[in-house]
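One structure is given below, encoded as structure tokens.
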Amino acid sequence: MSLNHCVPLYFFTGLTLTSCGVGFIPTSEEESWDEQGGGGLVIEMPFAAGIEKMCTQGAHGIHSHTDVSTQFDLDLDTNNDADEEVSASVSGIARVHMESASSNFGYHINIDLGNGTYVVIAHLSDIFIQDAQEVTVGQLLGYEGRTGNATGDHVHIGLHEGDAGEKAENGTSIPTTYRAANQSDGTGMAMINSEEFSCGIRSQGDPQDGDFYESDLATNLWHPDGTLIMTPDNARVYVLEDGETRWIENESTFWGLAYDFNDVTLVSESELACYGQGEDIVGETLVDAALDSDDDLWLIVGDASDSGRYRALVRDAGWEDVMTSWGLDYTSSNRPGTYSDSSSYMTNWPASSNYVGLRDGTLVKEEDASDVYVISNGFALPIKTWDVYLLQNFYPRDILTVEAGTVNELHEVGNCATDQMCLDFEAITTCGGGLELSDAPGEGGGSSTDEEEEEEEQEEEEDEEDVEDEEDQEDQEEEDEEEEVEDEEDEEEEEEEQEEEETRDESMLTVEVDYPANYPALALTVQPIFAISSLGDYWLATTYVEDDDEVSWSDEADYSGLLGVRLNVNVDSDGNGANDDWYCYGHYATAYLEYGVAVDITLDSDSWDENDLVTWSPGNEGDTSLGCSALLWFGSTSSISEGAVY
């Protein structure tokens, strides 16, 4: 998997991955701007939540904000003596500019919004992402600094019109809205226009110093066990285990564990501080595989001198994928060696009671399915949305693709639809983790105890009981047979009733949207509604098509309690990989559905079209950034207490 943003590869649990690598438009857990459609842009402060920064120069500042490329931008003061982390304040495609460290905006990032505008974040001392990489709100970008035309460390931020691929001095600064809390006057979190910021440096001739503004930007604070991590300021690589960091002492130890440096994920210093400190991994290490005399496959973990060394059985299903996840290149044409029962591997490495599966930290998907999982503590955790994937900084990572059914065969699998073991926004933005995994089977999971022996023991116990009850059984034989016949008849009736009930509960829901002309890319998002309180939750599914005028989705499930269907279509009208139009656009009274688009919704024999739809907008009327969705509602819309219907 490469890192370029190109064509679609497959779908996540609710959103599309696109690529010559991975890539799709990210969203926030609470504010899905791009998915909701329309609305005005709101820019977050480019620092983690809780950090306050003084505004030293605002719109039309006399020092350097008088030019067309700076006139509505902001300067936020940072520490001259320490590197401070800067995060993405919007979602989009990041264009990295490091052409000059001594002039104009210096090292800077233009986050392309796909509509002819971009957000510039400038004067950085270091940048951690690649040019043309897709980023999401809150993602770690780099360190602040004083490159370019700057006399002290600060972050320059603003909204520009122009080509994000060109340096920011070629763009036009335009007014915009930020979300921040003015701590100097005690106001809470609010939307603040760029011209309303109170900025200045008294010592530099301004009437007064600027106000301090606090960020509320959620950033990544947790990764699942098995993830390899490092911070930008330190070459140390850690592996996460039981919520603690274990430092891998050197490259020799790292290679002995069969790890790959391409799988190391960059995290913030704030996230690192959220973990406890575990025992360092030092000295000689080993990961290997071996066949025993019965042709059973064992994974060998730990050096001969390691007290924690072990060997674990590998199931036949997906064994080559298991080898790959553990950094081993064994295949059906390159099988591990065979070792006798008296060999060192079979005698000196204690046998685990569990089968081993894919290695913790592995990213995996099945070839015929949309879900992408991260393996942790033996569980397969589905990654809920693309913004979660980006915020985890998994963009540069490879995803292991396995045959259908392999993940379920090897692991207990989470489910985001039922909120069970789901890697979601809350889990990854909570210090210490918002996801609890109880009764973990361990890496790989699944007992390898001899099932045949257990069955034999159980049969022996049953035989003993039969002998003890033999006399009574003879006396009651006729009666028992009659009861058995009656029980069988009852069971058959119950099975028939259950089958009929299941048949009655299954319905086919289909949504088809037909545009009057072809577009480079269309993405249909659908949310069946079973409770009013769930309106605005994440989309259940997304269907993505290219160079087409029609996009559809269907699903067979129990829709007996369905209240309505929420939908929208994200449109890439110019083929640049970013959405620039939506079927539902605007917010509250300004919300409307695109004219000329045909919609057909069917539930078994019932059907509805675009004339049966209304617009639904989340949040309050002033939250224009939240946009709107199309809504089919089966009852009175007056019962909807969330948001607004028009």
What are the residues in the range 277-297 that are open to solvent by 30 Å² or more (accessible area, probe 1.4 Å) and in a strand (DSSP E or B), if any?
Gln277
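Take Asp306 and decide whether it is under 16 Å from Ser343 (Cβ atoms) and not hydroxyl-bearing (Ser, Thr, Tyr). Reasoning before the result, please.
On the way: under 16 Å from Ser343 (Cβ atoms): no; not hydroxyl-bearing (Ser, Thr, Tyr): yes.
So Asp306 does not fit the description; no.
Residues checked against (1) modelled with pLDDT under 95; (2) surrounded by fewer than 22 Cβ atoms within 10 Å (Cβ to Cβ); (3) of a type in the set (Phe, Trp, Tyr); (4) closer than 30 Å to Val282 by Cβ:
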position	(1), (2), (3), (4)
Ser307	yes, yes, no, yes
Ser342	no, yes, no, no
Tyr345	no, yes, yes, yes
Val356	no, no, no, yes
Asp387	yes, no, no, no
Thr418	yes, yes, no, no
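If I ask for residues that are of a type in the set (Phe, Trp, Tyr) and either open to solvent by less than 20 Å² (accessible area, probe 1.4 Å) or more than 20 Å from Asp424 (Cα to Cα) (or both), which ones from the range 514-542 would you list? Spell out the reasoning first.
Of the range 514-542, the ones of a type in the set (Phe, Trp, Tyr) are 515, 519, 530, 538-539.
Tyr515, Tyr519, Phe530, Trp539 - these are the residues of the range 514-542 that are of a type in the set (Phe, Trp, Tyr) and either open to solvent by less than 20 Å² (accessible area, probe 1.4 Å) or more than 20 Å from Asp424 (Cα to Cα) (or both).
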Mind checking which residues of the range 518-545 are touching a Gly at 6+ places or on another chain (Cβ under 9 Å), at pLDDT 85 or above and part of a strand (DSSP E or B)?
Tyr519, Pro520, Ala521, Thr525, Gln527, Pro528, Ile529
Hits in the range 594-622 (condition: within 29 Å of Ile192 (Cα to Cα) and open to solvent by less than 40 Å² (accessible area, probe 1.4 Å)):
Thr615, Trp616, Ser617, Pro618, Gly619
Considering the range 557-577 alone, what residues qualify as being open to solvent by 10 Å² or more (accessible area, probe 1.4 Å) and among the aliphatic types (A, V, I, L, M)?
Ala557, Leu562, Leu563
Among the residues of the range 62-99, which ones are in contact with a strand residue (DSSP E or B) (Cβ under 8 Å, 6 or more places away or on another chain), among the small types (Gly, Ala, Ser), farther than 17 Å from Lys167 by Cβ and part of a loop (DSSP other than H, G, I, E, B)?
Ala88, Ser89, Ser91
Number of the condition not met by Glu251 [criteria: (1) under 29 Å from the mean Cα position of the chain (by Cα); (2) open to solvent by 40 Å² or more (accessible area, probe 1.4 Å); (3) without any contact (Cβ under 8 Å) to a residue 40 or more places away in the chain]
(1)
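Going residue by residue through the range 214-223, is there one that turns out to be of a type in the set (Gly, Ala, Ser), in contact with a Cys (Cβ under 8 Å, 6 or more places away or on another chain) and assigned to a loop (DSSP other than H, G, I, E, B)? Please lay out each step first, then the result.
Let us first name the residues in the range 214-223 that are of a type in the set (Gly, Ala, Ser), namely 215, 218.
Next cut, in contact with a Cys (Cβ under 8 Å, 6 or more places away or on another chain) only: none.
No, the range 214-223 contains no residue that is of a type in the set (Gly, Ala, Ser), in contact with a Cys (Cβ under 8 Å, 6 or more places away or on another chain) and assigned to a loop (DSSP other than H, G, I, E, B).
Assess whether Ala168 counts as being in contact (Cβ under 8 Å) with a residue 40 or more places away in the chain and closer than 18 Å to Ala94 by Cα. Don't jump to the end; show me each part of the working.
On the way: in contact (Cβ under 8 Å) with a residue 40 or more places away in the chain: yes; closer than 18 Å to Ala94 by Cα: yes.
Judged against the criteria, Ala168 is a match.
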In the range 246-276, which residue that is among the charged types (D, E, K, R) and part of a helix (DSSP H, G or I) is nearest to Tyr389 (Cα to Cα)?
Asp263
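From the set of residues in the range 305-347 that are outside any loop (DSSP other than H, G, I, E, B) and of a type in the set (Asp, Glu), which is nearest to the chain's Cα centre (by Cα)? Write out each step before concluding.
Step one: filter the range 305-347 for residues outside any loop (DSSP other than H, G, I, E, B), giving 310-314, 319-325, 331, 334, 338, 344-347.
After this cut, where a residue has to be of a type in the set (Asp, Glu) as well, the list is 320-321.
Details: Glu320: 26, Asp321: 23 Å.
Here the answer is Asp321.
When the range 557-601 is examined, which residues are found to be closer than 28 Å to Ser641 by Cβ and among the polar types (S, T, N, Q)? Lay out the reasoning, then the answer.
Filtering the range 557-601 for residues closer than 28 Å to Ser641 by Cβ gives 557-570, 582-594, 599, 601.
The answer is Ser560, Asn568, Asn570, Thr590.
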Which number in (1) free of Cβ contacts under 8 Å to residues at least 40 places away in the same chain; (2) over 29 Å from the mean Cα position of the chain (by Cα) marks the one condition that Gly302 misses?
(1)
Quick test of your reading of the structure: Ser552 fulfils all but one of (1) open to solvent by 30 Å² or more (accessible area, probe 1.4 Å); (2) under 13 Å from Gly627 (Cβ atoms); (3) touching a Ser or Thr at 6+ places or on another chain (Cβ under 7 Å). Name the failing condition by number.
(2)
For the range 117-129, indicate whether the set of residues that are assigned to a loop (DSSP other than H, G, I, E, B), surrounded by fewer than 22 Cβ atoms within 10 Å (Cβ to Cβ) and charged (D, E, K, R) is non-empty.
no
Quick check, is Val314 in contact with a helix residue (DSSP H, G or I) (Cβ under 6 Å, 6 or more places away or on another chain), over 22 Å from Leu435 (Cβ atoms) and not small (Gly, Ala, Ser)?
yes
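One line per residue, one yes/no per condition, for (1) under 25 Å from Asp260 (Cα atoms); (2) crowded, with 24+ Cβ neighbours inside 10 Å; (3) not aliphatic (A, V, I, L, M):
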residue: Asn348; (1), (2), (3): no, no, yes
residue: Ser353; (1), (2), (3): no, no, yes
residue: Glu367; (1), (2), (3): yes, no, yes
residue: Asp371; (1), (2), (3): yes, no, yes
residue: Gly378; (1), (2), (3): yes, yes, yes
residue: Lys384; (1), (2), (3): no, yes, yes
residue: Leu391; (1), (2), (3): yes, yes, no
residue: Asn415; (1), (2), (3): no, no, yes
residue: Phe425; (1), (2), (3): no, no, yes
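Would you check which residues across the range 177-207 are free of Cβ contacts under 8 Å to residues at least 12 places away in the same chain and under 20 Å from Val119 (Cα atoms) and list them?
Within the range 177-207, the subset free of Cβ contacts under 8 Å to residues at least 12 places away in the same chain is 186-188, 190, 196, 202-203, 207.
Selection gives Ala190, Glu196.
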Quick count over the range 286-302, residues being in contact with an Asp or Glu (Cβ under 6 Å, 6 or more places away or on another chain) and either small (Gly, Ala, Ser) or at pLDDT below 95 (or both), is 1
Lone unmet requirement of (1) among the hydroxyl-bearing types (Ser, Thr, Tyr); (2) in a loop (DSSP other than H, G, I, E, B); (3) in contact (Cβ under 8 Å) with a residue 12 or more places away in the chain; (4) farther than 18 Å from Gln420 by Cβ for Ser370:
(4)
Filter pass, Leu613 being farther than 23 Å from Thr136 by Cα and free of Cβ contacts under 8 Å to residues at least 24 places away in the same chain
yes
What about Glu214, is it open to solvent by 30 Å² or more (accessible area, probe 1.4 Å), at pLDDT 95 or above and at negative phi?
yes
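The values are calculated or read from the model by the stated rules, or taken from the named source; none is laboratory data. Fair warning: this is a prediction, and the values are worked out from it, not measured in the lab. Cβ atoms come from the backbone with ideal geometry, glycine included; neighbour counts cover every protein chain shown. For accessibility, only protein heavy atoms count, side chains too; no ligands or nucleic acids. Shrake-Rupley method; radii C 1.70, N 1.55, O 1.52, S 1.80 Å.
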